[in-house]
Amino acid sequence: MKNLFIIILIVTTSLYSKNIIVRGKISDAKTGNSLSYANVLVKNTNKGTSSNFQGEFQLNLESGKYTLIASFIGYKSDTVKVDLSKVNYVEFKLEPVTLELSEVKVVAGENPAHRIIRLAGEKRKKRNDKIESYSFTGFTKGIVKTANDLAAGDASISLSVSSKSDSMYIQGILENESRGYFRSPDEYKEEIIAQQQTANFPASINLFTGNRIIQNFYNNDIEFFGKQLPNPVDWESIGYYYYYLKDSTAIDNEKVYVVFFAPDDDADPGFKGDLFIKDKTFDLLKVDISLNEAANYAGMLDSIRIFQQFVPFRDSIYMPVDYRLFLKGGVLGLVNFAFEMNSIMYDYSINEKLDNDLFDWSVVTVLPEADKKDSAYWAGIQTLPKSLEEVKAYEKIDSIESIKTTFWENFSFITNRLPINDNLYISGPLDIYGFNKVEGHNIGFGVYLRGMDSKRLNADNYINYGFSDENLKYNFRYKYLFGKYRTYSAELKVKDDIDAIFGESIKYNGITSTILSLFTKYDFRDYFYRKGVELKLGGDVLPFLNVRAGYSSYLDKSAINNTDFSFFKKDKKYSPNLQINNVNINSVSFGFTFDFRRFVEDGYFRRRIGGNKTHIVFDGNVTIADESLLNTSTNFQKYNFGFHGRINSYRNTTLFYRTDLNYIEGTAPIQYLSVLPGNISSGGKSNTFRTLKVSEVFGDRSATYFLTYDFADEFFKILSVPYLKDLRILSSIYLNSALVDSDNKQRMYNTFSSTSFKSPFYEAGFSIGYQGFPLQLEFTWKLNYKGKNDFVFGINTFAL
């Protein structure tokens, strides 16, 4: 039976590929120790690979005779001739270099390391000038580990890093095969051909191993955490980095310089470590480096190590053959984790014509059948061999994940949704009960569909009953996605429910409102009843342009306070509920979004990337209610325009900005007016006015401006404040401004009284927090329009 299985595997593998997988190992001829990340090239071809940590490698070759060359810095290369019709396993035993290395030539007045870097930079430029285009095949393996068993239950596999106290557990593995394309000067595209992962990971996690992580130190655009860092192999980096000649080694009979470097100022973000540069030709052979403390954004990680090698192909053009990334970190000292990514690049085609259609707005595309490749396919391609621990992790994690769980195993008291299966959810405890001054105690129940019909259909069906207003309510929403990447949508809403006036500007959740009402008799929302339907259509008509249109017909009615219940504050009254005009509003709407960020295509969706890079996004919407055309209660046109984005600034600091402009022509009901987003007492939310209360200032025309300069953990570092500069203290400063007004006709129609800011209102403040804690303390001052809340202390946290 075992032999029959092997025969079937060989036959099915041959259906995918006529190639033969050559396996082997590279070790030290004297000690027998494995040579981690050694290189193997197929002579007179563009084929090759690198070994794994255990010195093991795989090559995918057609049947025939080949000469294989294994190389490793500090060793003599070894050459083996193989006939794949007879053998498919090769062992290399490399001899350490013993030749005498000559002294480095020193030019008077010049740091010898500077001379090496200058010549290496010149060679790098000449190399890049030779390349018009290239393509390659890549394989990437990512492994997630933790010091404690977190996600996989008994499926975790212990990996002893150096001692028992350093043991790490494999929590998941992801792998993909890809094809990469480059065209000068800066066009890049990667297609993921095949992907697989342990069952506790979604397929989309493979996108994290794409072009956005893999760097190439022969290029200039070296980036981490959205920040561009100076390339150390660049003459212009002298002055930013300091260099010194650390050592000399050799590969075969050729000298290799080992140059150490680090930022000249420890406070400047950058790399530090060793560069391996070949003598005479000054080609970059290897980088073995890490990020310095200043480049480690907000101290998210304890260590970040990068390892990359380059070997010559035809025309002596050096290309990257691997990229290794090793991360270690912790969360509040409670969870220690590590991530290891190993990528190999092979089968290069250099300066061959590439199809123009390859290069579009997508940086990474997952091909439709990528996650449907079977074991025979994976057995027939070139990968990095799996270690015994990885094999066990796949087997155990997948077997644990395949066991069906019961409803009660997934139950939690602190959730809005409880999963029944992958697509069906029902209300969790936090979704069932609420309290407000109009409905009083209210209970509800929802059934939610997610990702039905191949991730195209989502649906929300929710009903609830208020015990004080004695109304049964419902809210149904259905959304269907069209197109290959689901970039078009149709959405239908049918409701008879209670809504919050100016609800779109209130950043606080319903749990916060319920708790404040029950315990302090402070309900910061005002409510009205809304009944009707709404239909929306929209989609990406261009890669950077989304357009949408909609029709709605709603009957809006005022609501009144129906309860004074609270656990405490028995003598206190709830604030009167803001009254609206009872109207039937039929309207059409049109909108657009310009977003020039690139995206990835994960096989189902297009997802924007570059959110941590400098960018800007424009939004606009128009709502029209016309009595003659739409049989509505009143005439008005509402215009909204805004833009928001970020500018990456000095070191890890960032400027965030947001501007929103609103204008209403005609007489619109109060619930359609524009309100300045405010806050509850001792609370604070980003892009809101901290010194203004919720729904305190509104009108039919407004302009708001929010500027936040986020220092991350740089503020005390920049000032070089002893002790504080070494702590992970996060800080930011902000300045907010607004103009708000309403014409007399609007005030008379709605009979409201609200503050106006006919000249700009200003507030400013700062926040302070600690890396890893999910809250920040905010201190805000009014700069004008003083009278109340001239100074406000608040807590900014997602939990409110």
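The values are calculated or read from the model by the stated rules, or taken from the named source; none is laboratory data. Treat the numbers as computed from the prediction; the structure is a model and nothing was measured. FYI the Cβ positions are ideal-geometry reconstructions off the backbone, even for glycines, and counts take in every protein chain you see. We work out accessible area using only protein heavy atoms, side chains counted, and drop any ligands, DNA or RNA first. Shrake-Rupley method; radii C 1.70, N 1.55, O 1.52, S 1.80 Å.
Note: relative contact order over the stretch 737-800, using C-alpha pairs below 8 Å and six or more positions apart, is 25 percent. Potential lengthening of the chain between D743 and N631 amounts to 37.9 nm, from the contour at 0.36 nm per residue minus the alpha-carbon distance. Rolling a 1.4 angstrom probe over the protein heavy atoms with all chains in place gives the stretch 410-463 an accessible area of 49 Å² per residue.
Divide by every residue of the chain the summed helix terms, -39500 (n - 2.57) for each DSSP H run of at least 4, and state the resulting mean residue ellipticity at 222 nm, rounded to the nearest 500 deg cm²/dmol. Mean residue ellipticity, 222 nm, calculated: -3000 deg cm²/dmol. The simple Förster model, with R0 at 30 Å and r as the Cβ-Cβ distance, assigns D83 and E395 a FRET efficiency of 0.30.
Normalise the Cα radius of gyration of the stretch 591-671 by 2.2 N^0.38 Å (N = residues in it) and let me know the number. Present the calculation step by step, with values, prior to reporting the outcome.
Values: Rg = 18.4 Å, N = 81, 2.2 N^0.38 = 11.7 Å.
Computed over Cα atoms of the stretch 591-671, the ratio equals 1.57.
Cross-link pairs exceeding 18 Å between alpha carbons, from the set K495/K536; K25/K286; K437/K569; K570/K788; K93/K280; K507/K613: K25/K286; K570/K788; K93/K280; K507/K613. For the cross-link pairs K30/K255; K473/K638; K521/K557; K76/K246, the ones whose C-alpha atoms lie over 27 Å apart are K473/K638.
Ordered by solvent-accessible area of protein heavy atoms (1.4 Å probe), largest first, the residues R124, R118 come out as R118, R124.
Grab the eigenvalues of the alpha-carbon gyration tensor for the stretch 448-549, scale each by 5, take roots, and send me the semi-axes largest first in whole angstrom. Write out the running numbers ahead of the final one.
Working: eigenvalues 210, 54, 36 Å².
Calculated on Cα positions only, the semi-axes equal 32, 16, 13 Å.
Helix 510-520 and the longest principal axis of the C-alpha atoms of the chain enclose an angle of approximately 50°.
Please work out the average accessible area per residue across the stretch 280-330, using the 1.4 Å probe convention, and give it in Å². Please list the in-between numbers first.
Working: 1690 Å² over 51 residues.
For the stretch 280-330, the solvent-accessible area averages 33 Å² per residue.
For the chain, what % of the accessible area comes from carbon and sulfur atoms, probe 1.4 Å? Write out the running numbers ahead of the final one.
Numbers: 21240 of 37970 Å².
Of all accessible area on the chain, carbon and sulfur atoms account for 56 percent.
Helix 2-16 and the longest principal axis of the C-alpha atoms of the chain enclose an angle of approximately 80°. If a spin label sat at a point 7 angstrom from the Cα of D315 along the line to its beta carbon, the backbone N atoms of the stretch 349-379 nearer than 20 Å would be those of 349-356.
Counting only Cβ charges, +1 for Lys and Arg and -1 for Asp and Glu, the dipole size of the chain around its Cα centre is about 360 debye.
The mean sequence separation of alpha-carbon pairs under 8 Å and at least six residues apart, normalised by the residue count of the chain, gives a relative contact order of 8 percent.
Computed from the alpha carbon positions, the gyration tensor of the chain leads to an equivalent ellipsoid with semi-axes of 57, 32, 26 Å, biggest first.
With an 8 Å cut-off on Cα pairs and a minimum separation of 6 or more residues, tell me the relative contact order of the stretch 458-581 in percent.
Details: 225 pairs, mean separation 26.9, N = 124.
Worked out over the stretch 458-581, it gives 22 percent.
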